[in-house]
1. Along the Cα→Cβ direction, 7 angstrom out, place labels at residue 128 and residue 69. What is the inter-label distance in nm?
2. Can you tell me the FRET efficiency between residue 116 and residue 174 if r is taken as the Cβ-Cβ distance and R0 is 35 Å, rounded to the nearest 0.05?
3. Could you rank the peptides 194-200, 170-176 by their average count of other C-beta atoms within 10 Å per residue, with the highest value first?
4. Return the distance in nm (one decimal) between the two label points of a simple spin-label model at residue 201 and residue 137, each offset 7 Å from Cα along Cα→Cβ.
5. I want to make sure I understand the PRE zone here: with the label point 7 angstrom from the Cα of residue 108 toward its beta carbon, which residues in the range 139-159 have backbone N atoms less than 16 Å away?
6. What length, rounded to one decimal in nm, is gained on full extension from residue 161 through to residue 216, with 0.36 nm per residue of separation minus their alpha-carbon distance?
7. Can you give the FRET efficiency to the nearest 0.05 for residue 145 and residue 52, using r as the Cβ-Cβ distance and R₀ = 25 Å?
Ligand SMILES: [Cu+2]
């Protein structure tokens with residue numbers, strides 16, 4: 001499933017790619033046929049920039065997250081590889097451990113080469129309790145290999161925004177627990193949604209196929 005969700009303004013801004021800029025004023029007039037290159041134009045051209053992030057990509061979010069080592073992480077750091085994203089909270093005793101297990105099964109179904117390229121990003125709903133230290137304890141408890149799994153803490157507005165873009169619904173109850181969707185999302189190398197799997201347990205083959213296609 002692909003979803004177009006970011007604002008037209010962002011899309012419009014991206015239309016003005018750096019490569020399409022008018023030449024600098026000092027270079028825009030027609031030079032005399034035999035004139036030397038003006039000093040302002042003699043410098044080597046800057047290195048080609050990475051292509052602009054598409055308006056369908058969640059990597060347009062410029063929010064800053066913290067990983068379970070307390071280091072700042074932006075989602076666009078995962079650009080260039082298949083990414084499996086799920087939202088969860090560490091003190092969940094029912095659905096989230098099953099969801100994490102589903103992602104483990106998905107990874108297990110991947111060919112080794114695809115698995116080596118794939119990153120799993122778990123983002124917590126629980127901005128209050130899921131500090132980097134709490135996420136680190138969760139990593140240990142659930143045996144989540146740091147080479148593959150990134151656990152992210154964010155502030156409530158960023159968590160809301162990401163949940164909205166992924167189509168994840170969540171609600172905190174009076175006891176501080178969350179009821180939530182159980183959604184595994186596969187992102188392509190550009191951060192666009194290529195597959196979503198809803199529910200717990202059951203088949204993960206289709207999601208694994210989607211990851212494998214991105215990993216090619
Ligand atoms: Cu849960």
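1. About 3.0 nm, to one decimal.
2. Numbers: r = 44 Å, r/R0 = 1.26.
Computed FRET efficiency for residue 116 and residue 174 comes out at 0.20.
3. Working: 194-200: 17.1, 170-176: 10.0.
So the peptides 194-200, 170-176, ranked by packing, come out 194-200, 170-176.
4. So the two model labels end up 2.9 nm from each other.
5. Zone members listed by number: 142-145.
6. Details: separation 55, 0.36 × 55 = 19.80 nm, distance 3.00 nm.
So the chain would gain 16.8 nm between residue 161 and residue 216.
7. For R0 = 25 Å, the calculated efficiency reads 0.15.
Throughout, read-outs are computed from the coordinates displayed, never taken from laboratory work. No experiment lies behind these values; they were computed from the predicted model shown. Cβ coordinates were reconstructed from backbone atoms using ideal geometry, including for glycine residues, and neighbour counts include every protein chain displayed.
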